[in-house]
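Enquirer: Attaching a single structure in structure tokens format; questions to follow.
The values are calculated or read from the model by the stated rules, or taken from the named source; none is laboratory data. Since we're looking at a predicted model, the values are computed, not measured. Counting neighbours? That spans all protein chains shown, and the Cβs are built from the backbone with ideal geometry, glycine included. Areas reflect the complete protein model, heavy atoms only, side chains present, ligands, DNA and RNA absent. Shrake-Rupley method; radii C 1.70, N 1.55, O 1.52, S 1.80 Å.
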Amino acid sequence: MEEMNPLSNARLAFIGCGVMAEAIIAGLLRKKLVGPEQIAGSHPRQTRREELHVKYGIEMFENNRDAALDAAPGEENGGSLVVLAVKPQRLLRVLEELRGSLVKEQLVVSVVAGAKIETIAEELLHPSIVRTMPNTPAQIGEGVTAWTASSEVSEQQVRQVCAMLDALGKSVRVENDHQIDMATALSATGPTYIFLVMEALVDAGVHMGFSRHVAEELVHQMLLGSVLFAKESHKHPAELRNMVTSPGGTSAEAIYQMEKGSLRTVLSKAVWAAYQKAQELGSKK
Ligand SMILES: NC(=O)c1ccc[n+]([C@@H]2O[C@H](COP(=O)([O-])OP(=O)(O)OC[C@H]3O[C@@H](n4cnc5c(N)ncnc54)[C@H](OP(=O)(O)O)[C@@H]3O)[C@@H](O)[C@H]2O)c1
């Protein structure tokens, strides 16, 4: 039997249509999970409203309340998701604006970094909240999003959230806000760690004498291939590494230098520092 699309009769509103909201909208339409007539968005700038209306055929509003209202559950009663996608520093004002304009059945999905479920629920006076933490590869449908839900979120709403987040790549449900801070440090901040490693390796290639574009091509495909190989082989990373570390060879020599330079400890400390920062930023809200 064909699997039911949980979003087939849903209505969606995107509050603050910047990079992340556009990535979700584009993914949903690309995967045909919803049609443009099911989506409304809000944005303060007219040029951006026109741009998104022309590009995706979605209804755009200047006022955030109007977008949320447009997405209120219709007669078909397929559910309603209001996605908060503004920058963290704008969130409190937006929540104030939206307060009192949502109906009980609407689900609020936040992609805003640092904003706790409790804060959103209190500011909106609304119980059904999902908090998500996507990462930048979501922009090409290859992201990973950690998410957690308040206890009032129904099973059907959970299915709708999963379908929506799968348009950004993979999604992983975590237990609470605390684990969202952990995911912030690991998977959401993660691409920046990899980009730094990528840059350092390309520079090392240039240092040896490769032209930059050759070094880039070698490094990009090497990283991509290594991840796919690790995933498909189901082997522990140390085993994969040992397979190519011959006695007295190049890998052994390079690994010796990396261990001497405390690469593992540096990475572990970096993730821990990002985790502490995520907690600190979240507690300021
Ligand atoms: N980008 C990512 O990969 C990523 C990853 C994880 C989490 N996030 C989270 O996603 C949220 C959005 O990030 P983003 O990268 O999409 O930022 P963004 O591109 O700046 O999007 C936010 C949009 O909201 C608009 N806006 C400003 N004030 C508004 C208001 N009062 N009402 C409605 N819209 C308003 C902004 O307009 P102007 O451009 O005119 O200011 C902007 O277009 C952030 O909270 C961020 O923490 C993003």
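Enquirer: Out of everything in the stretch 260-285 that is open to solvent by 90 Å² or more (accessible area, probe 1.4 Å) and part of a helix (DSSP H, G or I), what residue ends up being farthest from Met133 (Cα to Cα)?
Expert: So the residue we want is Lys260.
Enquirer: Testing Asn77 on (1) within 11 Å of the ligand (Cβ to nearest atom); (2) on the phi > 0 side of the Ramachandran plot, one condition comes back false. Which one is that?
Expert: Here Asn77 meets the rest and fails (1).
Enquirer: Is the stretch 44-58 home to any residue that is out of contact with any Cys (no Cβ under 8 Å at 6 or more places or on another chain) and under 17 Å from Ala138 (Cβ atoms)?
Expert: The answer is yes; a qualifying residue exists.
Enquirer: Same structure, new question: Scan the stretch 98-152 residue by residue and report those that are in contact with a Phe, Trp or Tyr (Cβ under 6 Å, 6 or more places away or on another chain) and open to solvent by 10 Å² or more (accessible area, probe 1.4 Å).
Expert: none
Enquirer: Tell me which residues, restricted to the stretch 22-39, are surrounded by fewer than 23 Cβ atoms within 10 Å (Cβ to Cβ) and either within 9 Å of the ligand (Cβ to nearest atom) or closer than 16 Å to Ser110 by Cα (or both).
Expert: Scanning the stretch 22-39 gives a single hit, Glu22.
Enquirer: Can I ask one more? Just checking, how many residues over the stretch 85-109 are within 8 Å of the ligand (Cβ to nearest atom) and under 17 Å from the mean Cα position of the chain (by Cα)?
Expert: Looking only at the stretch 85-109, we keep the residues that are within 8 Å of the ligand (Cβ to nearest atom), and these are 85-88, 90-91, 93-94, 97.
Restricting the remaining residues to those that are under 17 Å from the mean Cα position of the chain (by Cα) gives 85-88.
Of the residues in the stretch 85-109, 4 are within 8 Å of the ligand (Cβ to nearest atom) and under 17 Å from the mean Cα position of the chain (by Cα).
Enquirer: Right, another one. Mind telling me which of the residues Leu201, Leu124 ends up being closer than 24 Å to Val19 by Cβ and not polar (S, T, N, Q)?
Expert: Only one candidate qualifies: Leu124.
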